[in-house]
Amino acid sequence: MSQIRTPRLLLRRAEEGDLSALHGIMSDPVAMKYWSTPPHVDLDVTRRWLASMIEAPAEISDDYIVERDGQVIGKLGAWRLPEIGFLLSRAAWGQGYGREALRAFIAHAFAGRTDHLTADVDPDNAASLALLAGAGFVETGRAAQTWQLGDTWCDSVYLRLDRDR
């Protein structure tokens with residue numbers, strides 16, 4: 001399936017034309033605070049990131065651009081199944097778009113792609129932890145210093161959602 005529709009959103013495959021909008025999100029240090037890379041310093045960094053999303057093999061990746069009224073507001077999906085990730089523009093925060101997109105993706109993934117989903121979240125990222133908990137994800141563990149972002153080591157909270165929950 002190349003598109004997932006919700007009442008307010010369209011989740012669709014990434015395209016080269018998404019570059020500018022994604023760079024606007026991915027160059028924002030506040031939006032990128034808990035992402036796995038530093039904010040993108042120039043368009044070439046985002047171009048390479050977008051190319052990897054477009055070229056990811058469909059058998060292991062199920063990733064989507066999130067649109068609202070024809071405007072890119074973020075990305076959500078599984079770069080590598082079953083682990084999900086999401087990133088939304090700050091302008092989209094607090095309006096329920098993350099919850100709406102996540103629920104639609106979960107239904108899509110459980111309709112045939114996988115029997116479970118996982119997430120790795122920084123324990124300080126209260127908004128993402130609440131979003132995932134609201135969708136039924138449960139904590140399965142924690143670990144210290146699991147990845148390094150610049151000079152800072154980050155910890156992880158591991159979460160899982162099984163299809164039968």
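At a glance:
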quantity: Estimated D of segment 1-89 in µm² per second, where Rh is the Kirkwood radius over Cα pairs and Stokes-Einstein applies at 10 °C, 1.306 mPa s; calculated: 121 µm²/s
quantity: Computed Rg/Rh of segment 11-151, alpha carbon atoms with Kirkwood Rh; calculated: 0.93
quantity: P(r) of segment 80-165 over all Cα-Cα pairs, binned every 5 Å from zero, in whole percent; calculated: 3, 13, 24, 23, 18, 13, 4, 1, 0
quantity: Cα-projected label distance for Arg165 with Ala133, points at 7 Å along beta-carbon direction, nm; calculated: 1.2 nm
quantity: Estimated translational D of segment 80-124 in µm²/s (Stokes, Kirkwood radius over Cα pairs; 25 °C; 0.890 mPa s); calculated: 208 µm²/s
quantity: Amide N of segment 85-114 lying under 11 Å from the label point, which is placed 7 angstrom from the Cα of Thr140 along Cα→Cβ; calculated: none
quantity: Cα centroid separation - segment 119-165 against segment 1-16, whole Å; calculated: 25 Å
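A short reminder: the numbers here are calculations on the coordinates, not readings from a lab. Not measured: the values here are computed from a predicted model. Positions of Cβ are backbone-derived with ideal geometry, glycine not excepted, and every protein chain shown enters the neighbour counts.
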